[in-house]
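Data block below; observations after.
A short reminder: the numbers here are calculations on the coordinates, not readings from a lab. Treat the numbers as computed from the prediction; the structure is a model and nothing was measured. Backbone-built Cβ (ideal geometry, glycine too); neighbour counts: all protein chains shown.
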Amino acid sequence: MRLFFAIIIALSSAFTFRSGAEFSFLDRNHDFTDVKEGAVLEHDFAFTNIGDSPLVISDYKVACTCTKITFSNEPVLPNQKGIIHLSFDTKGKFGFQSRKIEIVSNAKKMKLSFRVFVVRS
């Protein structure tokens, strides 16, 4: 019986300490300079997979269709770098804009954000 519990504890510890895929960003937040309404803003968020298994980005969530991101469909292997490309269309937007992007992947939850002040043209 003691052996049974020892095996259960060992297995649960092995699963608990496994790191898997993990993002490491230089910067997860970006501030754009003030722009005139109608501009399309772009920014690249660079990251490294610091985990021990391939990182796969499958989707993203945003509150507005004016915000889009693109990313590679290929897995990012451990210690390799990747890019998440942001595009924000300011058409019809005025004043202070603050957006969050939730990245859906096989790593722990990751959110990126950006801010910009949009001036009427």
- Query: Can you tell me which residue in segment 63-108 is nearest to Asn49 (Cα to Cα), limited to those that are surrounded by fewer than 18 Cβ atoms within 10 Å (Cβ to Cβ), of a type in the set (A, V, I, L, M) and touching a Lys or Arg at 6+ places or on another chain (Cβ under 9 Å)?
  - Reply: Val104
- Item | Selection from segment 86-108 of residues that are farther than 17 Å from Asn29 by Cβ and not polar (S, T, N, Q) | Asp89, Lys91, Gly92, Lys93, Phe94, Gly95, Val104, Ala107, Lys108
- Filter segment 109-121 down to the residues that are among the charged types (D, E, K, R) and under 10 Å from the mean Cα position of the chain (by Cα), then identify the one that is surrounded by the most Cβ atoms within 10 Å (Cβ to Cβ). Lys111
- Any chance segment 78-89 includes a residue that's farther than 23 Å from Glu22 by Cα and of a type outside the set (D, E, K, R)? yes
